[in-house]
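Since the structure comes first, as structure tokens, the remarks are kept for the end.
The values are calculated or read from the model by the stated rules, or taken from the named source; none is laboratory data. Remember, predicted model here, so these are calculated numbers, not experimental data. Note that each Cβ is placed from the backbone with ideal geometry, even for glycine, and that neighbours are counted across all protein chains shown. Note: areas computed on protein heavy atoms with side chains; ligands, DNA, RNA excluded. Shrake-Rupley method; radii C 1.70, N 1.55, O 1.52, S 1.80 Å.
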Amino acid sequence: MLLKGKTALVTGASKGIGNAVAETFLKNGAVVYAVSRSEGDLSKLQAAAEEAGTRVVFKACDVGDEPAVTALVKEIIKESGGLDIVVNNAGITRDGLIARMPAEAWNEVLKVNLASAFYVCKAVSMHLLSRRGGSIINMSSVVGLHGNAGQTNYSASKAGLIGLTKSLAQELAPRGVRVNAICPGFIATEMTDKLNEEQKAALFGRIPMARMGSAAEIAAAALWLASDLSTYVTGQAITVDGGMTM
Ligand code: NAP
């Protein structure tokens, strides 16, 4: 019950890593506002909430739509009475070599993965400053640190999230608001299901722990960053990747 009495907003909570983060937060007593375009695995979150004696509230929103995000954050702050934890997790891939990448694939990935975090952070920053506390967690990636052929758009968005994290951490630290990023490696979700067996085998060869990570293992890092176990940690990009990029 590390998050008892806290309220969290988690984007991209319908499946994968975001769903696991929301579930872990609920199991630890937080009230969770689960944001995505579709409900997805909401029933799993409702069951976790019931068991822990807390609640999950689903809000449909396209995080790439700034006016919608601004209005939603305002609504959640009013409805909840105050936010403590924000996880910018929603993300997409539109992979391809740069010579063949339509500008639309670049723009879409930058909008959903990076601009969305700006929209959310902008909308919550004054609120968290006025509460003199809070934890913002941005879901980056190891490719934001090291790059990846075929993912110029995705890598740029994830590197951008690290820059946003470090700059915002400096802006908000004096009032006790912490901002960190998580850089997952190769995690079993629908996003990585798209890879073919050859691509997966090549990736396994680069992971000392010789396996994919689970969404729950990323959620555990998010729990630590969201909780009072990490009160002196801000501006960090924490890699959780089975040793892939050590
Ligand atoms: P996923 O299973 O594909 O889930 C993506 C989530 O983002 C879904 O809940 C989806 O919900 C939501 N989403 C996508 N576009 C959205 C939009 N425009 N507005 C609102 N929500 C949107 O992906 P995942 O593997 O869990 O990835 C989660 C995050 O971790 C992403 O930022 C990803 O880049 C990052 N990451 C993943 C890995 C990995 O190996 N899986 C590694 C490093 C980083 P709806 O479709 O219902 O909107």
All conditions in (1) open to solvent by less than 20 Å² (accessible area, probe 1.4 Å); (2) assigned to a helix (DSSP H, G or I) are true of Asn138 except (2)
Of those in segment 23-47 that are open to solvent by less than 10 Å² (accessible area, probe 1.4 Å), in contact with a Phe, Trp or Tyr (Cβ under 9 Å, 6 or more places away or on another chain) and among the hydrophobic types (A, V, I, L, M, F, W, C), the residue nearest to Ile92 (Cα to Cα) is Val35
Discussion item. When you check Ile85 against the structure, is it crowded, with 20+ Cβ neighbours inside 10 Å and within 14 Å of the ligand (Cβ to nearest atom), yes or no?
Written reply: no
Pairing a residue in segment 216-241 that is farther than 21 Å from Lys44 by Cβ with any residue that is of a type in the set (Lys, Arg), where Cβ atoms lie under 6 Å and the two sit 6 or more apart in sequence or on different chains, gives Thr234/Arg178; Gly235/Lys166
Checked Ala30, Ala22, Ala47 against criteria (modelled with pLDDT of 95 or more, touching a Lys or Arg at 6+ places or on another chain (Cβ under 6 Å) and not basic (Lys, Arg)); the one match is Ala30
Those residues of segment 128-142 that are within 16 Å of the ligand (Cβ to nearest atom) and over 18 Å from Thr231 (Cβ atoms) come to a total of 5
Test Glu217 against the criterion of being of a type outside the set (Lys, Arg), touching a Gly at 6+ places or on another chain (Cβ under 7 Å) and either within 21 Å of Lys15 (Cβ to Cβ) or open to solvent by less than 20 Å² (accessible area, probe 1.4 Å) (or both), and give yes or no.
no
Among Gly5, Gly91, the single one that is assigned to a loop (DSSP other than H, G, I, E, B), under 23 Å from Ser140 (Cβ atoms) and of a type outside the set (A, V, I, L, M, F, W, C) is Gly91
For this session: Can you confirm whether segment 19-34 contains a residue that is outside any helix (DSSP H, G or I), touching a strand residue (DSSP E or B) at 6+ places or on another chain (Cβ under 7 Å), within 8 Å of the ligand (Cβ to nearest atom) and touching a residue at least 24 places away in the same chain (Cβ under 8 Å)?
Result: no
Of those in segment 39-74 that are of a type in the set (S, T, N, Q) and not in a loop (DSSP other than H, G, I, E, B), the residue farthest from the ligand (Cβ to nearest atom) is Gln46
Picked from segment 141-154 (must be part of a loop (DSSP other than H, G, I, E, B) and of a type in the set (A, V, I, L, M)), the residue farthest from the chain's Cα centre (by Cα) is Ala149
All-but-one check, Met212 against (1) without any contact (Cβ under 8 Å) to a residue 40 or more places away in the chain; (2) more than 8 Å from the ligand (Cβ to nearest atom); (3) of a type in the set (A, V, I, L, M, F, W, C), failing number (2)
Of those in segment 94-121 that are outside any loop (DSSP other than H, G, I, E, B) and without any contact (Cβ under 8 Å) to a residue 24 or more places away in the chain, the residue nearest to Lys158 (Cα to Cα) is Asn107
Residues of segment 155-204 being among the charged types (D, E, K, R), part of a helix (DSSP H, G or I), within 14 Å of the ligand (Cβ to nearest atom) and open to solvent by 40 Å² or more (accessible area, probe 1.4 Å), in sequence order, are Glu190, Asp193
Across segment 97-112, the tally of residues that are open to solvent by less than 40 Å² (accessible area, probe 1.4 Å), within 16 Å of the ligand (Cβ to nearest atom) and more than 25 Å from Lys59 (Cα to Cα) stands at 1
